[in-house]
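Below is one structure, written out as structure tokens, with a few remarks after it.
The values are calculated or read from the model by the stated rules, or taken from the named source; none is laboratory data. Everything quoted here is computed from the prediction, not taken from an experiment. Because the Cβ atoms are built from the backbone with ideal geometry, glycine has one as well, and the counts that use them run over all protein chains shown.
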Amino acid sequence: MADPAVIADRAPIGASARLTIDEIVRLGFTHVIAIPDSESRLLCEAAAAHERLSYLTPCREGEGIAIAAGLWVGGAKPLLVIQNTGLMEAGDALRGCGIGPRVPLQMLIGWRGYAGASQGTQPVDSAYPYTEPILDAWQIPYEHLMSNDDIGVIASMDERANRTSKPAAVITGWKFQP
Amino acid sequence: MMERLDVFRALADSRTDEIVVMTMTATLQWPLVSDHPLDFDFLAFGMGHASDFGMGLALARPERKVIVLKGDGGLLMSLGSLVTMAQYGPENLIVLLLENRTYEMVGGQPLPARVDFVTLANGAGIQGGGATGNGKVERIADLETFQSELPRLLDEPGPHFVVMPVLNTHELPAVHHSDHAGRIRRLSDALAAGEPGATTKE
């Protein structure tokens, strides 16, 4: 698991929602499928407002993963925006609709608990410490998006998912900024 | 109450270039009546997510009807999908809910007895809902009605959510495939080729 202090020292403020959406559009994503949370609120608002993105909010993450798989098979390019807690709920969908059938699902995963952990306080729940080990167990590669300096990791995720035809992820530790 | 295999035969007889999606028990019997590049029969898919996958396909391919054969047990595992269908379901999506009141795939355990799937779908807002407000909820309980209504279901704008009480008196065949990535690739290749009879790259 990443050392939260190291990442926090490098990027304590969060990435711009606008710049992140610009990169998502530049990479050709067609749909953003999101279960919004407080950290991703601005990103979701920017996605919903963008004329070149279709924005959907299903009821749960597993649903979103299956919708994304269908979109991909149909020739679209979806991006999932979910929180680590939802990732944990959606394990069977990720296995059955992504990992097993080799659908290159791409996910921006909000890291609930990171901010508290990086500041030396106890996370409010167990979501923080399990996030990276779960992705490791599922052999899903991931990088961290912590500031505008890191926005290139979205292109890296895109390249790796398409090259391997397997799911890939970006973890976002801080609340998105305007 | 309809014999499920008869429902499948009727659908296969009427189906032309529609995508047909199913998971779980339906994947064991559908291949008895159909072998089509636009079939997606994948037993080990995410549990309860056949109609979600079908909705993604329907959104990506608005020029094609997408027919989902979904079990009632599977629906209970993803009830929120009704609400999502009511909000975003496109006109080309048809969900046929195969209501056998059991978790058939895992041993036939009974579903909660009082659940009413038409009421659930209506409560979710599918009737008059969907992306363009053309959503329809109905119950078809006999084979003759299904056969007579199929042309309408395949033609008129939806999304459609159709509850169909079924039983099965036939012995179920064994699972006939395990190449999950191959099932996905066969469908995506056929869609990319654009023709219902297109050969695949498998």
* Asked: Which of the residues belonging to segment A:26-36 are buried (at least 16 other Cβ atoms within 10 Å of the Cβ), modelled with pLDDT of 95 or more and not hydrophobic (A, V, I, L, M, F, W, C)?
  -> A:T30, A:H31
* Evaluate segment B:134-145: report whether one residue or more is modelled with pLDDT of 95 or more and either over 22 Å from B:M2 (Cβ atoms) or in contact with a Cys (Cβ under 6 Å, 6 or more places away or on another chain) (or both). => yes
* Asked: Within segment B:100-129, restricting attention to residues that are on the phi > 0 side of the Ramachandran plot and not charged (D, E, K, R), which residue is surrounded by the fewest Cβ atoms within 10 Å (Cβ to Cβ)?
  -> B:G107
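Do the conditions hold for B:G123, that is, is it at pLDDT 95 or above and either hydroxyl-bearing (S, T, Y) or more than 17 Å from B:G54 (Cα to Cα) (or both)?
yes
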* If A:V153 satisfies every condition in (1) closer than 27 Å to A:A49 by Cα; (2) more than 13 Å from the chain's Cα centre (by Cα); (3) free of Cβ contacts under 8 Å to residues at least 24 places away in the same chain but one, which is the exception? -> (2)
* **Considering residues of segment A:48-79 that are assigned to a loop (DSSP other than H, G, I, E, B) and within 11 Å of chain B (Cβ to nearest Cβ) only, the residue surrounded by the fewest Cβ atoms within 10 Å (Cβ to Cβ)** => A:G75
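In segment A:86-130, what residues are of a type in the set (S, T, N, Q) and either within 12 Å of the chain's Cα centre (by Cα) or within 14 Å of chain B (Cβ to nearest Cβ) (or both)? Show your work before the answer.
Step one: of segment A:86-130, the residues of a type in the set (S, T, N, Q) are A:106, A:118-119, A:121-122, A:126.
Hit for segment A:86-130 is A:Q106, nothing else.
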* Structure fact -> Note on segment B:16-35: residues without any contact (Cβ under 8 Å) to a residue 60 or more places away in the chain and surrounded by 24 or more Cβ atoms within 10 Å (Cβ to Cβ) are B:V20, B:V21, B:M22, B:T23
* Tabulated pairs, segment A:21-36, first in contact (Cβ under 8 Å) with a residue 24 or more places away in the chain, second among the basic types (K, R), C-beta under 6 angstrom, 6+ apart or interchain -> A:V25/A:R52; A:G28/A:K77; A:F29/A:K77; A:T30/A:K77
* Selected residue (only one of B:T16, B:T84 is in a helix (DSSP H, G or I) and either of a type in the set (V, I, T) or farther than 26 Å from A:V103 by Cα (or both)) -> B:T84
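Only one of A:E45, A:E39, A:E23 is at pLDDT 95 or above, surrounded by 16 or more Cβ atoms within 10 Å (Cβ to Cβ) and under 17 Å from A:M146 (Cβ atoms); which?
After ruling out the rest, the residue left standing is A:E23.
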* All but one of (1) farther than 22 Å from B:G123 by Cβ; (2) out of contact with any Lys or Arg (no Cβ under 7 Å at 6 or more places or on another chain) hold for B:A86, so report the exception by its number. => (1)
* Would you call B:A44 small (G, A, S), modelled with pLDDT under 95, in contact with a helix residue (DSSP H, G or I) (Cβ under 8 Å, 6 or more places away or on another chain) and under 25 Å from B:G108 (Cβ atoms)? -> yes
* Residues of segment B:94-150 classified as over 17 Å from B:L69 (Cα atoms) and of a type outside the set (V, I, T), total -> 24
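To keep it simple, each residue is scored yes or no on (1) part of a helix (DSSP H, G or I); (2) without any contact (Cβ under 8 Å) to a residue 60 or more places away in the chain.
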| residue | (1), (2) |
| --- | --- |
| B:L98 | no, no |
| B:M105 | yes, no |
| B:P112 | no, yes |
| B:V118 | yes, yes |
| B:G123 | yes, yes |
| B:Q127 | no, yes |
| B:G133 | no, yes |
| B:V137 | no, yes |
* To do: Would you please name the residue that is nearest to the other protein chains (Cβ to nearest Cβ), looking only at residues in segment B:75-87 that are at pLDDT 95 or above and surrounded by fewer than 22 Cβ atoms within 10 Å (Cβ to Cβ)?
  => B:G80
* Scan of segment B:22-74 for residues that are at the interface with another protein chain (Cβ under 8 Å from one of its Cβ atoms), assigned to a loop (DSSP other than H, G, I, E, B) and among the aliphatic types (A, V, I, L, M), ordered by number -> B:A44, B:M47
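Here is a list: B:L43, B:L11, B:L38. Which entry is crowded, with 21+ Cβ neighbours inside 10 Å and more than 15 Å from B:M164 (Cβ to Cβ)?
Of the residues listed, the single one that is crowded, with 21+ Cβ neighbours inside 10 Å and more than 15 Å from B:M164 (Cβ to Cβ) is B:L38.
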* Single residue of B:P112, B:P151 found to be out of contact with any Asp or Glu (no Cβ under 9 Å at 6 or more places or on another chain) and within 22 Å of B:F40 (Cα to Cα) -> B:P151
